[in-house]
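Everything on this sheet refers to the single structure shown next.
Nothing in this text is a laboratory measurement; each read-out follows from the coordinates by a stated rule. Everything numeric in this text was worked out from a predicted model, so none of it was measured. All Cβ positions, glycine included, derive from the backbone under ideal geometry; neighbour counts span all protein chains shown.
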Amino acid sequence: MIETNFRHTDIGPIPHDWEVKRTVDLFDINAAGDLMRDNYSEVKTSCHIYPIYSNSNIDKGLYGYTSSPRYRKNSFTITGRGNLGIAEYRNTDFDAIIRLLVLSPKKGASSLFYSYYTNFAHPYEGSATSIPQLPIPNVAKGLIPVPPVGEQEAIGKALSDIDGLIDVLRKLIEKKRNIKQGAMSRLLSGSLRLPGFNKPWKTNLLSDVASYGNVPLPSDMFDAKNYVCTENMISNRGGIIPYDDYVCSYMVKSYVPYDILISNIRPYLKKIWFADCSGGVSADVLVVRSNYDIINAKFLYTILSHDKFFSYNMEGIAGTKMPRGNKRHIMNYEFIMPTDLAEQEAIAKVLTDMDSEIENLEKKLAKYEQVKQGMMKQLLTGKIRLI
């Protein structure tokens with residue numbers, strides 16, 4: 001890798017040996033039409049082996065499969081309606097539908113490189129209509145840099161390699177999450193017992209083992225660092241992030257370590273946090289405090305972070321636009337648990353260890369994604385050369 005000199009162009013500074021061309025000079029551009037139903041299958045079969053892609057961002061736009069592809073491999077697509085300008089490289093023959101734009105390369109253009117460049121630089125402007133659209137003329141006239149084709153291919157491969165690592169990590173995280181959910185369901189139902197424990201389990205209401213923390217907190221006892229409200233709680237059991245807005249001291253309640261904080265607005269977002277410090281919460285955050293003589297706090301957190309609890313919570317909501325949980329209904333939540341505190345602690349440790357493993361993988365994934373962004377910034381602008 002070497003650094004290089006730059007020259008000014010209509011798209012900004014580029015290396016002295018790069019060119020600037022219109023997209024139409026490098027690609028044939030087509031807008032996909034209707035689905036060919038005679039050749040369509042919802043699932044892959046021995047006849048329907050070629051993917052069909054649409055404007056969706058889910059699963060890279062995969063819609064189904066066809067026996068008769070209209071586009072060749074080594075092209076790339078750009079979403080042309082709705083969420084505009086998202087590019088995907090296509091490495092097999094395929095079909096496309098519903099206004100998805102297909103760019104097939106001419107000589108001297110790497111589709112893999114330009115799919116990354118499109119997602120990085122967003123060089124095309126959509127039309128101001130009620131439904132955002134990206135017309136072919138807007139793409140055709142769009143100016144893009146043209147590195148030597150060998151460099152395009154090297155950049156595309158480097159970014160594809162890091163994407164491969166990211167994809168492997170994402171699949172591993174998903175697998176670990178599924179394993180954890182399965183273990184969680186079995187351990188919390190008593191269908192799987194840990195070795196060395198044989199004392200009975202019993203059925204309880206949440207109110208039998210915990211209560212709400214409702215102690216007001218003086219304004220000089222908290223600040224943004226330890227303030228929790230629905231806005232800085234993360235969906236899907238993601239915990240909290242630092243609060244960076246004005247803290248209203250009205251109706252602030254206290255929380256302490258080992259309390260369980262649950263957002264009482266839109267329970268389907270599954271916002272929950274196991275407190276590891278003291279602080280204050282807004283009126284829309286419930287503070288659930290365990291009776292430590294009866295239940296291990298971490299074990300109770302595993303109970304309340306399960307999908308079963310959030311589904312139950314939704315059954316008692318009031319309101320439609322901003323549904324709110326019913327505090328009395330929540331305290332009537334019924335579950336079974338070991339009578340042995342040691343077994344509760346052991347179950348909580350198993351599940352917490354699984355969470356820690358997933359969290360470490362997520363941190364690794366975030367680092368890989370950060371590395372990829374840095375690579376794109378350097379390679380796609382020519383600041384670092386792969387020649």
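Could you give the length gained on full extension between Asp353 and Ile387, defined as 0.36 nm per residue of separation minus the Cα-Cα distance, in nm? Numbers along the way, then the final one.
Details: separation 34, 0.36 × 34 = 12.24 nm, distance 4.55 nm.
Value of the extension gain: 7.7 nm.
What FRET efficiency comes out for Lys377 versus Lys107 if R0 is 30 angstrom and r is the Cβ-Cβ distance? Round to the nearest 0.05. Write out the running numbers ahead of the final one.
Values: r = 28 Å, r/R0 = 0.94.
The computed FRET efficiency comes out at 0.60.
Which shape class applies to the stretch 272-387: rounded if a/c is under 1.5, otherwise prolate when a/b exceeds b/c and oblate if not, where a ≥ b ≥ c are the square roots of the Cα gyration tensor eigenvalues? Walk me through the numbers before you get to the answer.
Numbers: a/c = 3.09, a/b = 1.85, b/c = 1.67.
Prolate, because a/c is 1.5 or more and a/b exceeds b/c.
Arranged by the count of other C-beta atoms within 10 angstrom, fewest first, what order do Thr45, Thr66, Thr4 take? Intermediate results must be reported in sequence, preceding the final value.
Values: Thr45 10, Thr66 24, Thr4 14.
So the ranking, lowest neighbour count to highest, is Thr45, Thr4, Thr66.
What number does the stretch 19-146 give for Rg over Rh if you use C-alpha atoms and the Kirkwood radius? Could you put the intermediate results ahead of the total?
Working: Rg = 14.3 Å, Rh = 14.7 Å.
Computed over Cα atoms, the ratio is 0.97.
Using the alpha carbon gyration tensor of the stretch 200-339, what are the three equivalent-ellipsoid semi-axes (square root of 5 times each eigenvalue), largest first, in whole Å? Show your work: numbers first, answer last.
Details: eigenvalues 117, 63, 32 Å².
For the stretch 200-339, the ellipsoid semi-axes come out as 24, 18, 13 Å.
Using the count of nearby Cβ atoms within 10 Å as a rough guide to exposure, how do Ile260, Ile317 rank from fewest to most? Display every interim value, and only then the final one.
Numbers: Ile260 23, Ile317 18.
Ordered from fewest to most neighbouring Cβ atoms within 10 Å, Ile260, Ile317 come out as Ile317, Ile260.
Run the numbers on the chain and let me know its relative contact order in percent, using alpha-carbon pairs under 8 Å that are six or more apart. Spell out each step's value before the answer.
Numbers: 713 pairs, mean separation 63.2, N = 387.
It comes to 16 percent, rounded to a whole number.
Output the relative contact order of the stretch 19-146, whole-number percent, from Cα pairs under 8 angstrom with separation of 6+ residues. Spell out each step's value before the answer.
Values: 294 pairs, mean separation 40.4, N = 128.
Reported as a whole number, the value is 32 percent.
Enumerate the whole-percent occupancy of each 10 Å bin, from 0 to the last occupied one, for all C-alpha pair distances of the chain.
Going from the shortest bin to the longest, the percentages are 4, 18, 20, 19, 18, 15, 6, 1.
Among Ala96, Phe27, Pro148, whose Cα sits farthest toward the positive end of the charge dipole of the chain (+1 at Cβ of Lys/Arg, -1 at Cβ of Asp/Glu, about the Cα centre)?
In the chain, that residue is Ala96.
Kindly flag which residue pairs out of Lys180/Lys364; Lys271/Lys308; Lys270/Lys372; Lys298/Lys367; Lys175/Lys271; Lys60/Lys171 have an alpha-carbon separation exceeding 24 Å in this structure.
On the way: Lys180/Lys364 19 Å; Lys271/Lys308 14 Å; Lys270/Lys372 30 Å; Lys298/Lys367 29 Å; Lys175/Lys271 22 Å; Lys60/Lys171 15 Å.
Correct reply: Lys270/Lys372; Lys298/Lys367.
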